[in-house]
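The values are calculated or read from the model by the stated rules, or taken from the named source; none is laboratory data. Computed from a predicted structure; not experimentally measured. Methodologically, a virtual Cβ is constructed for each residue, glycine included, from the backbone with ideal geometry; neighbour enumeration extends over all protein chains shown.
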Amino acid sequence: MRAAALALLASSALAAPVTEKTPATQAARAASPGTVNFLFSHHFSLAGSKVLNSPTFTLEIGAARWLSFGLRYATSSDVANRVNELEPHAILTFLRQEEGRLLDVGAVAAFNLGASSGDLALVAGRSFGPISLAANLRGFSSGYGSTGATLAGGAGVRLRLTGFLFAVGDVNGILAARSREQLGTLDRIGWTGGIAFGIPYSPHTMSLYATNINTHTLQGSSRGTETLRIGFEFDIPLTSLGRWLSIFAPPKRAEAKPPAEPVGGAVEVRIRDYKFFPAQLTVRKGTTVRFLNEDPVPHTATADDGSFDSGLFRQGESWSHRFDAPGSFPYFCAVHPYMRAEVRVED
Ligand SMILES: [Cu+2]
């Protein structure tokens, strides 16, 4: 149960993986320092027999534990008179539930060049077991190029169904605007509903949903349109450069080595690229195993049978456990349940 709660809370370690938010709400989390994240959202609609699409691209870079910077670009926009929206933004994290606070609280400060508007979102969220709730309050200095100062808001819910699969949905709407009549037929509640999941054996997350919103900027996602769209969001953390360099040069295979068999000493399990090395470790009883995280995201080492659980530890941090009882101890990372390995303890 602790592992499940950890998975829910800590999957936010990447820059807003789509399992950590709902499609049209912002995550209250800055990206981890040094993490670069690419998020691709795409919405499809039918106009007669023609398929129309409106993609939004987001690039985010973690600068500090509480600050990340991003750039969002949306085409086929209907937010203002321009066709495209460019939205540089900063994400600030104030409070984290995983650090014992009551709520996740963060803010997004943005400038929407399509609408020539300074935009601000305040985000609060909390998880209760498998259910996570999030609320957004948004203000635009120049909403939709015509409505002047505009206040919008909404709420989203995520329900952990099983493993790394979530049901996600949200509603957002315009609460007040200086020239509300200028919104015309676009003054509707925006909604999304669908599923989000982690792609097995990868750090990627994805969501599939139906929606009536168009673009994913703060303004674009704050209201509905007359058009039903099918959308997906694909989250691509650009961490672990070696993983990407293998596009050009396949990684060398490690030479087979006999299993380490230290007696009563200390051995190390390294966590790198979302894997435990070695995945199969055999030790004598009384051995202390040190788990060292070399990834830019937090992981855990959590025994299937609950006999040990490291809790989250971050890049450069380690956690040690002494194995005093013989047996097989399969374990996994509670954040990324597809990360599995085993320690065998011999008498
Ligand atoms: Cu992990």
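Things worth noting here:
- I271 vs. criteria assigned to a loop (DSSP other than H, G, I, E, B) and either at pLDDT 90 or above or away from the ligand (no atom under 16 Å from the Cβ) (or both): no
- Residue match in segment 109-117 (condition: surrounded by fewer than 23 Cβ atoms within 10 Å (Cβ to Cβ) and at pLDDT 95 or above): yes
- Taking segment 21-73 as the range and being in a loop (DSSP other than H, G, I, E, B) and surrounded by fewer than 16 Cβ atoms within 10 Å (Cβ to Cβ) as the test, the residues that pass are G34, G48, S49, R65.
- Exactly one residue out of P298, P337 is in contact with a Leu (Cβ under 7 Å, 6 or more places away or on another chain), within 16 Å of the ligand (Cβ to nearest atom) and in contact (Cβ under 8 Å) with a residue 24 or more places away in the chain, and it is P298.
- Of residues in segment 324-334 being assigned to a strand (DSSP E or B) and away from the ligand (no atom under 16 Å from the Cβ), the one surrounded by the most Cβ atoms within 10 Å (Cβ to Cβ): F329
- Residue in segment 280-289 that is within 16 Å of the ligand (Cβ to nearest atom) and surrounded by 17 or more Cβ atoms within 10 Å (Cβ to Cβ) present: no
- Set T215, T192, T227, T239: member being modelled with pLDDT of 85 or more, within 20 Å of the chain's Cα centre (by Cα), buried (at least 16 other Cβ atoms within 10 Å of the Cβ) and not in a strand (DSSP E or B): T215
- Taking segment 79-97 as the range and being surrounded by 18 or more Cβ atoms within 10 Å (Cβ to Cβ) and among the charged types (D, E, K, R) as the test, the residues that pass are E85, E87, R96.
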